[in-house]
1. Please list, in order along the stretch 121-132, the HN-Hα scalar couplings obtained from phi with the Karplus expression 6.51 cos²θ - 1.76 cosθ + 1.60 (θ = phi - 60°), rounded to whole Hz, x for Gly and Pro.
2. What is the extension gain from S87 to R149, computed as 0.36 nm multiplied by their sequence separation minus the C-alpha to C-alpha distance, in nm to one decimal?
3. Could you calculate the FRET efficiency of K77 with E44 from 1/(1 + (r/R0)^6), where r is the beta carbon distance between them and R0 is 25 Å, rounded to 0.05?
4. Per residue of the stretch 49-65, in order, report the coupling 6.51 cos²θ - 1.76 cosθ + 1.60 (Karplus, θ = phi - 60°) as ³J(HN,Hα) in whole Hz, putting x for Gly and Pro.
5. Considering every pair of different Cα atoms, what Kirkwood radius, in Å, is found for the stretch 21-83?
6. Please turn the phi angles of the stretch 39-45 into ³J(HN,Hα) values with the Karplus equation 6.51 cos²θ - 1.76 cosθ + 1.60 (θ = phi - 60°), one per residue in order, whole Hz, x for glycine and proline.
7. List the residues, sorted by chain then number, that are 5 or more residues from A49 or on another chain and whose placed amide H is less than 5 Å from its amide H.
8. Students often check this: by mean Cβ neighbours within 10 Å, which of 149-155, 46-52 ranks highest, and how do the rest follow?
Amino acid sequence: MVEKSVRIVHEFARKLRPAMLDDLGLIPTLRQYIKTLPKRKGREIRFVADPAVEALDNDRRTVFYRIAQEALTNVIKHASASLVNVSILRNKESVFMEVADNGVSFDVSRLATSGWQNRLGLTGMRERVETFGGAFTVDSAPGRGTTLRIEIPIGRPHKNPRR
């Protein structure tokens, strides 16, 4: 029973932060993750990334990986999208990621209501970005789908919420 529990914990940890992220980098890890997503006829996921993002520290690469993972999971579960564009770009001060789909939209103003406060996916994404002093936005409108945008400064130190 203990061995089974240890295996489950290790598998869970690999999903949260795959070793491939350290071994090969953010871009190959995200490409591989996208390849493993459930295929549905008519769904296309386009991925574009600036190679300069590989110079990010491990904490920031993990945040970008986890947010992309969560955002794509949300698209698959809720959006009924036929096209998803994922881009990660870098300038001197920040790294930007955008996940945009052409699927079903939702009322973003509901994110501030008590019923949505406990939505761990979007709340977790926002909190991860904020620990780096970054910005997190979600835009969604009928006929335009949903776009999630994050910006994380490069030079600003990480605020460990456990301290």
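Quick note: the coordinates plus some simple rules give every number you see, no bench work behind them. Predicted model only: the values in this text are computed from it and were never measured. Using ideal geometry, Cβ is built from the backbone for each residue, glycine included, and neighbour counts are taken over all protein chains shown.
1. In residue order, the calculated couplings are x, 5, 5, x, 4, 4, 5, 4, 5, 5, 5, 9 Hz.
2. Numbers: separation 62, 0.36 × 62 = 22.32 nm, distance 0.97 nm.
Value of the extension gain: 21.4 nm.
3. Working: r = 17 Å, r/R0 = 0.70.
That gives a FRET efficiency of 0.90.
4. Whole-Hz 3J(HN,Hα) from phi for the stretch 49-65: 9, 7, x, 5, 5, 5, 7, 5, 5, 4, 4, 5, 4, 5, 4, 4, 4.
5. Values: mean 1/r = 0.0797 Å⁻¹.
The Cα-based Kirkwood calculation yields 12.6 Å.
6. 7, 9, 3, x, 8, 10, 10
7. HN-HN under 5 Å from A49: I88.
8. On the way: 149-155: 18.0, 46-52: 14.3.
Ranking the peptides 149-155, 46-52 by packing returns 149-155, 46-52.
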